[in-house]
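S.K.: Structure incoming, see below.
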Amino acid sequence: MEIKADARKFSEIECDALVVGVYEGERPEVGALAEIDKRSGGLVTSLIETGEFTGKTGEMAYLHNPGEIKARRLLLTGVGKQADMTVDVLRRTAGATARMLRSKKVRQFAFLRRSQLPLGEAVQAAVEGALLGLFEPDKYHTSDKTEDHIEEMILATTEGDTNELRRAIERGRIIAEATNFAREIINEPSNLMTPRELARRAGEVAEKYGLSIDVLDEARMKELDMGALLGVAQGSAEPARLIVLSYTPNSDAREMVAIVGKGITFDTGGISIKPAEGMEKMKYDMSGGATTIAAMRAIAQLKPAVNVIGIVPATENMPGGRAQRPGDVVRSMAGKTIEVINTDAEGRLVLADALAYARKLGATRIVDLATLTGAVSIALGDVNMAIMGNDQAWVDEVIAAGKRTGEKMWQLPLDREYREQIKSEIADIKNVGGRKAGTITAAWFLREFVDETPWAHLDIAGTAWNDCTKPHLAVGPTGVGVRTLVSLVENLARR
Ligand code: BES
Ligand code: ZN
Ligand code: ZN
């Protein structure tokens, strides 16, 4: 899709459709809405007076031959109360309207700037929203594929200079396309998206965007004594990989951020096998890993002045003849021994070695993302990710990055009392802490492997998958986390 800004008056822009956001309760008395009303012979007034259109979020009115404007169609869309307007509302509006217009065979549309939000942020969010909204998981359909394509998005604004607008569009595109890249690889079925294939895709990203990459095979993991990661991998015929992407623009920087993402390409549960129902969804257990690779891709393009490494422990969790058993004890790279009570709590095992490896590579701050626990969906649903960490200032920075980019997080407590639940009789710790506070005890387990390095953990099991199509978003992977990570890293680079 081509995206450009157009500084002409909105009525002069020739296109298939013009999108105009309308606030809840707004009357067409001043500004663009009044002018549209006049040029359309009072269409807006009549829609509002009859109560057909109130401006509530998500409402749409699609009008043919809208009068004295050069667009062939007019799409009025409710954006809710003016006081509640945010870039996130804008992002969703762009997504929902782009999807709607595509279904109407529109090829080219203009999105009118009406909000008072900072121009650059607003443009970026609109671009992100449209690109994210238009993503469809229909790669393997051989019929009934979405054949309709929007070819051009025009941002209709008389404000701003060309460079500022071009930069905002480019940023929006980089971030949204990276997110869609994550969604694409998460959607790939596990017979195709194996650990080796994930590593190959990471290699393509490295090559194309100029990152360094190191892919550790099982022999190297063995040399490094990564017993926790290898223990999970041993039940699978597919060999594991540990993917390390590096972005190092600054050789004498004090900071090195490590992004660590869980890369279980399929989670059967292992010997503690999962029930059949819904198991197909466990292909998305590499969402944290995909998000990590995607964020590294966007970072390589945006070039912030801070060193970042992305680490993805990638393996299947299978119940093969060599699979680890409940009760097995493994020794992690950090030296801690772990009693594996439940082989389905494999994410924390692979992350244990990946986190330790991040420290070994010199990370001064760590953020990890993982579809770690079913319990997080019970606690927070699909609205908030759970965040926990060992350094409140760092946790706050991650939360703030989420706030800036419309990715919600809610912090759960890591009181020392919860640590009791993962004490083991025969090893240093065990990999499950019982039914209570499952998301917290999982985080406590991870905490054992970061030592004093500032660390924040995002449990994305509830938010990485969208169960049914929404107006602004297709069913399937959301790519949640990419925007947060990019903003977090850029913010670190600025200080
Ligand atoms: N990948 C799962 C977590 C998960 C569950 C993600 C549902 C998405 C949807 C993880 O490896 C797992 O199985 N966790 C167990 C831990 C338990 C055995 C302590 C869980 O949450 O049930
Ligand atoms: Zn599991
Ligand atoms: Zn898992």
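S.K.: Compute and list, largest first, the equivalent-ellipsoid semi-axes of the range 162-260 from the alpha carbon gyration tensor, each √(5λ) rounded to a whole angstrom. It would help to have the intermediate numbers written out before the result.
M.R.: Numbers: eigenvalues 194, 78, 21 Å².
For the range 162-260, the semi-axes come out at 31, 20, 10 Å.
S.K.: What is the Cα convex hull volume of the range 248-390 when expressed per residue in Å³?
M.R.: Spread over its residues, the Cα hull of the range 248-390 gives 133 Å³ apiece.
S.K.: Using DSSP to call loops (not H, G, I, E or B), can you name the GluC sites (Glu not before Pro) in the range 381-483 whose Cβ has at most 16 other Cβ atoms within 10 angstrom?
M.R.: Numbers: sites: E397, E407, E417, E420, E425, E448, E452; in loops: E407, E425, E448, E452.
Within the range 381-483, the qualifying GluC sites (Glu not before Pro) (loop, at most 16 other Cβ atoms within 10 Å) are E425, E452.
S.K.: Let me ask something additional. How much of the accessible area of the chain, in percent, comes from carbon and sulfur atoms when a 1.4 Å probe is used? Intermediate results must be reported in sequence, preceding the final value.
M.R.: On the way: 9820 of 20510 Å².
Carbon and sulfur atoms account for 48 percent of the accessible area of the chain.
S.K.: Given the pairs K145/K408; K56/K104; K283/K470; K281/K403; K281/K470, which span a C-alpha to C-alpha distance of over 24 angstrom in this model? Before the final figure, lay out the partial values.
M.R.: On the way: K145/K408 32 Å; K56/K104 22 Å; K283/K470 21 Å; K281/K403 28 Å; K281/K470 18 Å.
K145/K408; K281/K403, as the Cα separations exceed 24 Å there.
S.K.: For the range 311-322, what does the Karplus curve 6.51 cos²θ - 1.76 cosθ + 1.60, with θ = phi - 60°, yield as ³J(HN,Hα) per residue in whole Hz, taken in order and with x for Gly and Pro?
M.R.: Those phi angles translate into 10, 10, x, 10, 7, 7, 10, 10, x, x, x, 9 Hz.
S.K.: Send over a whole-number figure in Å² for the accessible area per residue of the range 76-231, probe 1.4 Å.
M.R.: On a per-residue basis, the range 76-231 sits at 45 Å².
S.K.: Considering only protein heavy atoms, what per residue accessible area in square angstrom results for the range 384-495 with a 1.4 angstrom probe? Before the final figure, lay out the partial values.
M.R.: Numbers: 4640 Å² over 112 residues.
Accessible surface, normalised per residue, equals 41 Å².
S.K.: Continuing with this model, one more query. May I ask you to work out the translational diffusion coefficient for the chain at 37 °C, viscosity 0.692 mPa s, via Stokes-Einstein with Rh from the Kirkwood sum over Cα pairs, reported in whole µm²/s?
M.R.: Details: Rh = 23.6 Å.
For the chosen part, D equals 139 µm²/s.
S.K.: Check which residues have an amide H placed less than 5 Å from W455's amide H, if you skip close sequence neighbours.
M.R.: Under 5 Å from the amide H of W455 lie the amide H atoms of I366, N390, D391, each far enough along the sequence or on another chain.
S.K.: Residues with amide H under 5 Å of D328's amide H, sequence separation 5 or more or different chain, H placed in the peptide plane at 1.01 Å from N; which?
M.R.: Those qualifying (amide H under 5 Å, at least 5 residues apart or on another chain) are V340.
S.K.: For the range 1-52, what is the accessible area per residue in Å² when the probe is 1.4 Å? Please list the in-between numbers first.
M.R.: Values: 2580 Å² over 52 residues.
I get 50 Å² per residue for this part.
S.K.: Continuing with this model, one more query. Which of the trypsin sites (Lys or Arg not before Pro) across the range 258-323 are loop residues per DSSP, with 14 or fewer other Cβ within 10 Å?
M.R.: Values: sites: K262, K281, K283, R297, R322; in loops: K262, R322.
The qualifying sites are R322.
S.K.: How far is helix 482-493 tilted off the main Cα axis of the chain, in degrees rounded to 10, range 0 to 90?
M.R.: 80 degrees
S.K.: Tell me, what is the FRET efficiency for Q82 and E452 to the nearest 0.05, using R0 = 56 angstrom and their Cβ-Cβ distance as r? If you can, show how the numbers build up before the last one.
M.R.: Working: r = 47 Å, r/R0 = 0.83.
About 0.75, to the nearest 0.05.
S.K.: Let me check against my output: what whole-number percent is the relative contact order of the chain, with C-alpha pairs under 8 Å and at least 6 apart?
M.R.: Values: 1146 pairs, mean separation 74.4, N = 495.
About 15 percent, as a whole number.
S.K.: Now, a different point. Any chance you could give the angle, 0 to 90 degrees and rounded to 10, that helix 162-187 forms with the longest Cα principal axis of the chain?
M.R.: Between the helix axis and the principal axis of the chain, the angle is about 50 degrees.
S.K.: If you don't mind, there's one more thing I want to ask. Given H placed on each backbone N at 1.01 Å, which residues far from V19 in sequence or on other chains put an amide H within less than 5 Å of it?
M.R.: HN-HN under 5 Å from V19: L75, A110, F111, L112.
S.K.: For the range 395-495, just say rounded, prolate or oblate: build the C-alpha gyration tensor, square-root its eigenvalues into a ≥ b ≥ c, call rounded for a/c under 1.5, and beyond that prolate if a/b exceeds b/c, oblate if not.
M.R.: On the way: a/c = 2.86, a/b = 1.47, b/c = 1.95.
Judged from the Cα gyration tensor, the range 395-495 comes out oblate (a/c at least 1.5, b/c at or above a/b).
S.K.: Another question, then. Can you divide the C-alpha Rg of the range 335-420 by 2.2 N^0.38 Å and report the result to two decimal places?
M.R.: Normalised Rg, Cα atoms only: 1.20.
S.K.: Here's a follow-up. Helix-only mean residue ellipticity at 222 nm, the chain, DSSP H runs n ≥ 4 weighted -39,500 (n - 2.57), per residue, nearest 500. What is it?
M.R.: On the way: 14 runs with 175 residues, N = 495.
The per-residue figure over the chain is -11000 deg cm²/dmol.
S.K.: Whole-Hz Karplus ³J(HN,Hα) for the range 430-441, in order, using 6.51 cos²θ - 1.76 cosθ + 1.60 and θ = phi - 60°, x for Gly and Pro?
M.R.: 3J(HN,Hα) across the range 430-441, in whole Hz: 10, 8, 9, x, x, 6, 6, 6, x, 6, 6, 5.
S.K.: Taking the Cα atoms only, what angle lies between the long axis of helix 287-302 and the longest principal axis of the chain, rounded to 10 degrees?
M.R.: Value to nearest ten degrees: 60.
S.K.: Further question on the same structure: In straight Cα distance, which aspartates and glutamates are under 13 Å from K105, not counting same-chain residues fewer than 8 positions off?
M.R.: Hits, sequence-local ones excluded: D16, E147, D148, E151, E152.
S.K.: For the range 257-274, just list the computed ³J(HN,Hα) in residue order, Karplus coefficients 6.51, -1.76 and 1.60, θ = phi - 60°, integers in Hz, with x standing in for Gly and Pro.
M.R.: Computed from phi, the couplings for the range 257-274 are 8, 10, 9, 10, x, 4, x, 7, 6, 7, 10, 7, x, x, 4, 7, 5, 7 Hz.
The values are calculated or read from the model by the stated rules, or taken from the named source; none is laboratory data. On a predicted model such as this, the values are computed, not experimentally measured, just so you know. Virtual Cβ from ideal backbone geometry, glycine too; neighbours counted across all protein chains shown. Heads up: the accessible areas ignore ligands, DNA and RNA and are worked out on the full protein's heavy atoms, side chains in. Shrake-Rupley method; radii C 1.70, N 1.55, O 1.52, S 1.80 Å.
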